[in-house]
1. Can you give the extra length, in nm with one decimal, that the chain gains between Thr39 and Phe61 once fully stretched, where that is 0.36 nm per residue apart less the Cα-Cα distance?
2. Sorted by mean Cβ packing within 10 Å, highest first, what order do the peptides 240-251, 28-39 take?
3. Tell me which residues come under 5 Å, amide H to amide H, from Val79 once H is placed; ignore anything under 5 positions away on its chain.
4. What share of all Cα pairs of segment 101-259, in percent, falls into each consecutive 10 Å distance bin?
5. Taking the simple approach of a point 7 Å from Cα along Cα-to-Cβ for both Ala222 and Glu100, what is their distance in nm?
6. Let me know the whole percent of all Cα-Cα pairs from segment 78-191 that are separated by more than 18 Å.
7. For the chain, with only Lys/Arg (+1) and Asp/Glu (-1) charged at the beta-carbon, what is the dipole magnitude about the Cα centre, in debye rounded to 20?
8. Using only Cα atoms and rounding to the nearest 10 degrees, what angle (0 to 90) does helix 251-260 make with the longest principal axis of the chain?
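A short reminder: the numbers here are calculations on the coordinates, not readings from a lab. None of these values were measured; they are calculated from a predicted model. Ideal geometry is used to build each Cβ from the backbone, glycine not excepted, and the neighbour counts take in all protein chains shown.
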Amino acid sequence: MPDAEPSRRLRVGMKLDKYRLVQRLGEGGFAVVFQAHDTIEDRSVALKVPDLSSDSLQQSFDDVQREVRIMASLSHPNVLPLKDARYIDGQFVMVFPLGEESLNDRLSRRMARTASVDYIRQMTAAVAHAHENKVLHRDIKPENFILFPGNQICLTDFGLARNQTRRHRVSASGTLGYIAPEQAMGKPTLRSDVFALGLIAYRMLAGVLPEYPFEPPLPSYAKFRKGLHQDFIDWVRKAIDPTPSKRFRDAVAMNNALKRIRNVITTKSTTAKSTRRSTRTAA
Ligand SMILES: Nc1ncnc2c1ncn2[C@@H]1O[C@H](COP(=O)(O)OP(=O)(O)O)[C@@H](O)[C@H]1O
Ligand SMILES: [Mg+2]
């Protein structure tokens, strides 16, 4: 394995092979993400550089390889496509299409209900695709959904994801906030991803995030349900039931249930031009 340079030595303006680092976009616990310019293709990309340095919060090459292989195995308009993954000058990089911002950034500004519902449909389809492929994401949260032009949204950051074939017990995975109670206890299942997804939907529609133990009365419930059909309200509530067995068994069932709901929004929004999902893929 080549030597891994600590990613914090990377600087804006630096070149990694054909990629010139333009600006830092964000960082989670284990990686830095840069906007970069592909000087051969003359277009912008996002470069994710995992921190493989031996000090600080360590993640092993095995973890990064797992993340890469899981992302490479998925193909869906709402899952961020991995364009490339390799070492450049001893530095491991993952290359993705560049998005506009994360859903977390977007949530600081007002969002029309039709737009929220359209995003929720795409996000559910993305997690359903992962579950269909036996991939448990384990870190479903607004920071890990990236927005693209045409109201397209893509799921990314499979850094904590696992293939579902083996049982996994972990003490602290995911991020407090959107983490299901059983996952916080170290037992994440597909139903934990369902919970996190439901919680994001609630947060998008109510403007606030419910907190543990997620029992009624939920915060801003009146605002949450305003203009929504009862079937859709029930769909969100089923996803965020504190008892895992009462939720959808996985995002595939959750997605199928959503597709069966004929009317999601009951009141006509004056600004609402139907926000049909773009069929374009992020590439
Ligand atoms: N393709 C992308 N386009 C634009 N911004 C991105 C992209 N990928 C990631 N980001 C930004 O970088 C942040 C961290 O990326 P992520 O893949 O979640 O890494 P980490 O594993 O460090 O959390 C995201 O929350 C988002 O703000
Ligand atoms: Mg992340």
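1. The span from Thr39 to Phe61 would gain 5.2 nm if fully extended.
2. Numbers: 240-251: 17.7, 28-39: 19.2.
Packing order, densest peptide first, comes out as 28-39, 240-251.
3. Leu155
4. In order of increasing distance, the bins hold 11, 45, 37, 8, 0 percent.
5. A separation of 3.2 nm, rounded to one decimal place.
6. Working: 3605 of 6441 pairs.
Looking at segment 78-191, the distances longer than 18 Å represent 56 percent of pairs.
7. Numbers: 44 positive and 30 negative charges, 266 e Å.
For the chain, the charge dipole is close to 1280 debye.
8. 50
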